[in-house]
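Chemist: Following this message is one structure expressed as structure tokens.
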Amino acid sequence: MIKKEMIAMLLAGGQGSRLGVLTSKVAKPAVSFGGKYKIIDFPLSNCINAGIDTVGVLTQYRPLRLNQHIGIGVPWDLDRNIGGVTVLPPYEKSTSSEWYTGTANAIYQNIEYMQYYNPDYVLILSGDHIYKMDYEVMLDYHKSKHADVTIATFNVSEEEASRFGVVLSDEDGTVTEFEEKPEHPRSTKASMGIYIFSWNVLKEALEILSDQPECDFGKHIIPYIHEQGNKVVAYEYKGYWKDVGTLLSYWEANMELIDIIPEFNLYEEFWKIYTKNDVLPPQYIADTTKVEGCIIGEGSEIYGEIYNSVLGADVTVEEGAVIRDSIIMNGTVIGKNCQINKAIISEYVNVGEGVVLGAFDEAENDKAPNIYAGGLVTIGEHSVIPKGVQIGKNTAIFGETVAADYENGVLPSGGSLIKVGEES
Amino acid sequence: MRAIGIILAGGNSNRMRELSNKRAIAAMPMAGSYRSIDFALSNMTNSHIQRVAVFTQYNSRSLNEHLSSSKWWDFGRKQGGLFVFTPTITHTNSYWYKGTADALYQNLNFLKESHEPYVVIASGDGIYKLDYNKVLEYHIEKGADITVVCKDLAEDPSELDRFGVIKTNEDGRITEFEEKPLVADSTIASIGVYVVRRRQLIELLENCAKEERTDFVKDILIRHKGVKKIYAYQMDSYWSNISDVDAYYRTNMDFLKKDIRDYFFKQYPDVYSKIDDLPPAKYNRGAYVKNSLISSGCIINGAVENSVLFKEVFVGTNSTIKNSIVLNDVYIGDNVHIENCIVESRDTIRANSTHIGQNGKIEILIEKNSRYIV
């Protein structure tokens, strides 16, 4: 007989459109982080470290890279005879076929998957946060409170609270009210999008609300369960938790890893983060370089200077290049004598000789000022930057650009150059 | 597949000095992220050999730990797999492996129960890439009984006294074979990789055992060279053997050369190894690194020059590592100076200490201080 006390359902279908060109071709959970990881590695590693060996990963937007990364779950020891990791895409049905229209709708469409494992509890996770969390401690809390739903919360500042769903609770932790992105928040307890449901309560709510359009946990399921008089409690999480939903917060979270003893420490033996290692060899640091205040992935070859930056695996930085305050992902080549300041460069980008990134004074981005901000240069995967061009701040580049795309060899601050993808 | 693989990894060499106190040579860490046996294992899997046996005997704990899962080399299959054979006491035998031929003979059942027609025998201490299928094709084309893979060491003949030295006729058939000659009259050395038909090998081993002979080179190759057709296959790509400390040091330092790094790390096919799930290397402010290989999990606060750092090495503030190899999981305190050394794995080097290998001799540094001061 198959029996799992708790299984996890990981929502990994969203685009994360505020990451701009980084998510033009991949889902947000598959975006690289911290030199060698992908964002989804954090919840997956948390699952196995917390003893949860059955994880359904719900995919929808651009799933190829996620599928390749997850495979049968070997890096996380989630290749199991019973359970393990299962990728759950939307599927065709005999009467109606639909995409996942909301977070709870996606879970509803996979009720059979959950039923198969005969769980007592279901853990709902999202694939877009950086944190280490022991879900087993949260489950113990859920049991000790005799709760039907436990919502993990994180204390944020009052200004930030209006970006989140916040919960109001009594002294005992029992939730009394919810507010979704309130203008004047009455609480600073933000929901982290991590829930533990007692299975029978979840199943009933999903079935009753199955006709709800765009059925969502925060907006529909949890309020419904609450209205029915079930016990909803808040579990306050006090460790490191970072939402990397915007380019600036993504950049900041990477930069925090460089601190002498970072608050989020990947170098501890305890609670390791696992990922698929495609590149094994050590990195080579040549005698023409200076590397200071940075982290660098396997197999990279460094001939230029690097300060205060995060580099992925198999990156080549040629002689004379100077990189500061930047994120450079796997397989990218930075040509000779480039100057790179505060840039986010995606996988397998080719930056030609003598290119300057992050030049000129700041100016607001012409297409999406709310996405490309903070003075960052953002370059999408497999892009090509011709040699010698100068690129300003708050810019976005995606695709194989050539010299003719740059007027007088310049992309001014605030400019965008998108040659591929759905935005072109 | 047409062949099974056997890797002889039981050997010890006192020429490795203190480094072999801890592990068999096949388990020696190599090139920052690998162990010596990874090269032979990767060659096997890249040659599509699916059934591989590793023979271990000397100090095999470290090696067994490395081989605890076969999935890293893609041997975790229903067809084939990775087998580790250590000597066992049976009703007919209560000895250790007395030699390479004896090791094969004691596991004759593995040979008898396989159905692949050929056997590739390799050693666990060679650093090279080779498609064994090419050797096998040559073997079949020549109609050979045994094919020995060879390498011309004309560029560096000083080490010929460590190897089997051969001479061939025009066709490539071996006419002379001398084991570790003091004065060699050829520069062609056997690299310890052989291809032989499985039934042929079983017959040779059974005859050998009847006469109580135990060594594959002396008692099979040299003794049969006039009777059996023993051919030499010459490889011309990089090959290095790590049978002594100097060779070990030099082979690791070879990976500081771009062409060698590109050959092993960037060109198809890849070399595989056990995955340790370590974070990327970290360079704090004050780090000063020149011409060095740094592996994952390292944290560098000091200076590293012309050195190879294996996984999880911590270099303290104001410390200098020069012309040295630092094996896995070493903690080097502040203000330490290390030059011309091989630092043994899991060492803890006290702050404010100096260790320099004098007169061009490589010092092996073993310091088991307690790491955490409570």
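The values are calculated or read from the model by the stated rules, or taken from the named source; none is laboratory data. No experiment lies behind these values; they were computed from the predicted model shown. Don't worry about glycine lacking a Cβ; one is built from the backbone with ideal geometry, like all the others, and counts go over all protein chains shown.
Chemist: Can you go through B:Ile294, B:Ile275, B:Ile260, B:Ile342 and tell me which one is within 26 Å of the chain's Cα centre (by Cα) and more than 12 Å from chain A (Cβ to nearest Cβ)?
Modeler: On inspection, the qualifying residue turns out to be B:Ile342.
Chemist: It is to be established whether one or more residues within the range A:211-228 are out of contact with any Ser or Thr (no Cβ under 7 Å at 6 or more places or on another chain) and either facing chain B (nearest Cβ under 10 Å) or among the small types (Gly, Ala, Ser) (or both).
Modeler: No, that holds for no residue.
Chemist: Every residue in the range B:255-281 that is under 25 Å from A:Tyr274 (Cα atoms), among the aliphatic types (A, V, I, L, M) and touching a residue at least 24 places away in the same chain (Cβ under 8 Å), please.
Modeler: B:Val271, B:Ile275, B:Leu278
Residues checked against (1) surrounded by fewer than 21 Cβ atoms within 10 Å (Cβ to Cβ); (2) of a type outside the set (D, E, K, R); (3) in contact with a His (Cβ under 8 Å, 6 or more places away or on another chain); (4) not assigned by TED's automatic domain parsing to the domain that holds B:Phe85:
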| position | (1), (2), (3), (4) |
| --- | --- |
| B:Asp125 | no, no, no, no |
| B:Lys151 | no, no, no, no |
| B:Lys167 | yes, no, no, no |
| B:Glu178 | yes, no, no, no |
| B:Thr187 | yes, yes, no, no |
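Chemist: Here's something else I'd like to know. Suppose we keep only residues that are of a type in the set (Ser, Thr, Tyr) and assigned to a loop (DSSP other than H, G, I, E, B) within the range A:98-148. Which one would you say is farthest from the chain's Cα centre (by Cα)?
Modeler: Filtering the range A:98-148 for residues that are of a type in the set (Ser, Thr, Tyr) and assigned to a loop (DSSP other than H, G, I, E, B), the one farthest from the chain's Cα centre (by Cα) comes out as A:Tyr117.
Chemist: Looking at A:Val167, is it among the β-branched types (Val, Ile, Thr), closer than 15 Å to A:Thr150 by Cβ and modelled with pLDDT under 95?
Modeler: yes
Chemist: In contact with a helix residue (DSSP H, G or I) (Cβ under 9 Å, 6 or more places away or on another chain), touching a residue at least 60 places away in the same chain (Cβ under 8 Å), surrounded by fewer than 24 Cβ atoms within 10 Å (Cβ to Cβ) and farther than 23 Å from A:Glu256 by Cα: is that true of A:Ala373 in this structure?
Modeler: No, not satisfied.
Chemist: Return a yes/no flag: does the range B:141-150 have any residue that is closer than 19 Å to B:Thr100 by Cβ and out of contact with any helix residue (DSSP H, G or I) (no Cβ under 9 Å at 6 or more places or on another chain).
Modeler: Yes; the residues of the range B:141-150 include at least one that is closer than 19 Å to B:Thr100 by Cβ and out of contact with any helix residue (DSSP H, G or I) (no Cβ under 9 Å at 6 or more places or on another chain).
Chemist: To continue, here is another question. Taking the range A:359-379 on its own, how many of its residues are at pLDDT below 95 and part of a strand (DSSP E or B)?
Modeler: Total meeting the criteria: 1.
Chemist: With respect to B:Tyr268, is the statement that it is in a loop (DSSP other than H, G, I, E, B), more than 9 Å from chain A (Cβ to nearest Cβ) and either at pLDDT 95 or above or over 22 Å from B:Ser190 (Cα atoms) (or both) true?
Modeler: So B:Tyr268 passes the test.
Chemist: Being part of a loop (DSSP other than H, G, I, E, B) and either within 7 Å of chain B (Cβ to nearest Cβ) or in contact (Cβ under 8 Å) with a residue 40 or more places away in the chain (or both) is the filter here, so list the residues in the range A:302-320 that pass it.
Modeler: A:Gly312, A:Ala313
Chemist: Of the conditions (1) more than 9 Å from every other protein chain (Cβ to nearest Cβ); (2) under 21 Å from the mean Cα position of the chain (by Cα), B:Ser319 satisfies every one except a single condition; which number is it?
Modeler: (2)
Chemist: Now for a different question. Modelled with pLDDT under 95 and closer than 27 Å to B:Phe163 by Cβ: which single residue out of B:Tyr97, B:Tyr118, B:Tyr138 fits that description?
Modeler: On inspection, the qualifying residue turns out to be B:Tyr97.
Chemist: If we only count strands (runs of 3 or more DSSP E) wholly inside the range B:296-374, which ones have 1 or more residues that are of a type outside the set (S, T, N, Q) and in contact (Cβ under 8 Å) with a residue 60 or more places away in the chain?
Modeler: Because the criterion is at least 1 residues that are of a type outside the set (S, T, N, Q) and in contact (Cβ under 8 Å) with a residue 60 or more places away in the chain, the strands (runs of 3 or more DSSP E) in the range B:296-374 that meet it are B:341-343, B:363-365.
Chemist: Here is a follow-up. Out of the range B:298-310, which residues are of a type outside the set (Phe, Trp, Tyr) and more than 7 Å from chain A (Cβ to nearest Cβ)?
Modeler: The answer is B:Cys298, B:Ile300, B:Asn301, B:Gly302, B:Ala303, B:Val304, B:Glu305, B:Asn306, B:Ser307, B:Val308, B:Leu309.
Chemist: Quick one: how many residues across the range A:289-301 are of a type in the set (Asp, Glu) and more than 7 Å from every other protein chain (Cβ to nearest Cβ)?
Modeler: Qualifying residue count, the range A:289-301: 1.
Chemist: Does any residue of the range A:228-235 turn out to be in contact with a strand residue (DSSP E or B) (Cβ under 8 Å, 6 or more places away or on another chain) and either surrounded by fewer than 20 Cβ atoms within 10 Å (Cβ to Cβ) or in a loop (DSSP other than H, G, I, E, B) (or both)?
Modeler: Yes, there is a match, as at least one residue in the range A:228-235 is in contact with a strand residue (DSSP E or B) (Cβ under 8 Å, 6 or more places away or on another chain) and either surrounded by fewer than 20 Cβ atoms within 10 Å (Cβ to Cβ) or in a loop (DSSP other than H, G, I, E, B) (or both).
Chemist: Test B:Asn21 against the stated conditions and say whether it is of a type outside the set (Asp, Glu) and closer than 29 Å to B:Leu278 by Cα.
Modeler: yes
Chemist: Mind listing whichever residues of the range B:271-288 are crowded, with 17+ Cβ neighbours inside 10 Å and part of a loop (DSSP other than H, G, I, E, B)?
Modeler: Passing the criteria: B:Val271, B:Tyr272, B:Ser273, B:Lys274, B:Ile275, B:Leu278, B:Pro279, B:Pro280, B:Asn284, B:Ala287.
Chemist: List, please: which pairs have Cβ atoms under 6 Å, are six or more places apart or on different chains, and start with a residue in the range B:25-52 that is within 14 Å of another protein chain (Cβ to nearest Cβ) and aromatic (Phe, Trp, Tyr) and end with one that is surrounded by 24 or more Cβ atoms within 10 Å (Cβ to Cβ) and assigned to a strand (DSSP E or B)?
Modeler: B:Phe39/B:Ile127
Chemist: Something else about it: Can you tell me which residues in the range A:200-241 are more than 12 Å from A:Ile124 (Cβ to Cβ) and of a type in the set (Phe, Trp, Tyr)?
Modeler: Across the range A:200-241, the qualifying residues are A:Tyr224, A:Tyr235, A:Tyr237, A:Tyr240, A:Trp241.
Chemist: Which condition number in (1) assigned to a helix (DSSP H, G or I); (2) farther than 15 Å from A:Ala8 by Cα is the one that A:His184 fails?
Modeler: All conditions are met except number (1).
Chemist: Please work out which residue is farthest from B:Asp262 (Cα to Cα), limiting yourself to the range A:265-288 and to residues that are more than 7 Å from chain B (Cβ to nearest Cβ) and surrounded by 19 or more Cβ atoms within 10 Å (Cβ to Cβ).
Modeler: Only one residue tops the list, namely A:Ile273.
Chemist: Could you grab me the full set of residues in the range A:23-69 that are away from chain B (no Cβ under 13 Å), aliphatic (A, V, I, L, M) and in contact with a helix residue (DSSP H, G or I) (Cβ under 8 Å, 6 or more places away or on another chain)?
Modeler: A:Val26, A:Ala27, A:Ala30, A:Val31, A:Ile39, A:Ile40, A:Ala50, A:Ile52, A:Val55, A:Val57, A:Leu58, A:Leu66 - these are the residues of the range A:23-69 that are away from chain B (no Cβ under 13 Å), aliphatic (A, V, I, L, M) and in contact with a helix residue (DSSP H, G or I) (Cβ under 8 Å, 6 or more places away or on another chain).
Chemist: Can you tell me which residue within the range A:11-28, out of those that are assigned to a loop (DSSP other than H, G, I, E, B) and surrounded by fewer than 23 Cβ atoms within 10 Å (Cβ to Cβ), is nearest to the chain's Cα centre (by Cα)?
Modeler: A:Gly16
Chemist: Taking the range B:84-116 as the region of interest, how many residues are more than 15 Å from B:Ile7 (Cβ to Cβ) and either outside the structural domain of B:Ser60 (by TED's automatic domain parsing) or in a strand (DSSP E or B) (or both)?
Modeler: Summing the residues that are more than 15 Å from B:Ile7 (Cβ to Cβ) and either outside the structural domain of B:Ser60 (by TED's automatic domain parsing) or in a strand (DSSP E or B) (or both) in the range B:84-116 gives 0.
Chemist: Considering only the range B:72-84, I want to know if a residue exists there that is modelled with pLDDT under 90, buried (at least 21 other Cβ atoms within 10 Å of the Cβ) and of a type in the set (A, V, I, L, M).
Modeler: The answer is no, given that none of the residues of the range B:72-84 is modelled with pLDDT under 90, buried (at least 21 other Cβ atoms within 10 Å of the Cβ) and of a type in the set (A, V, I, L, M).
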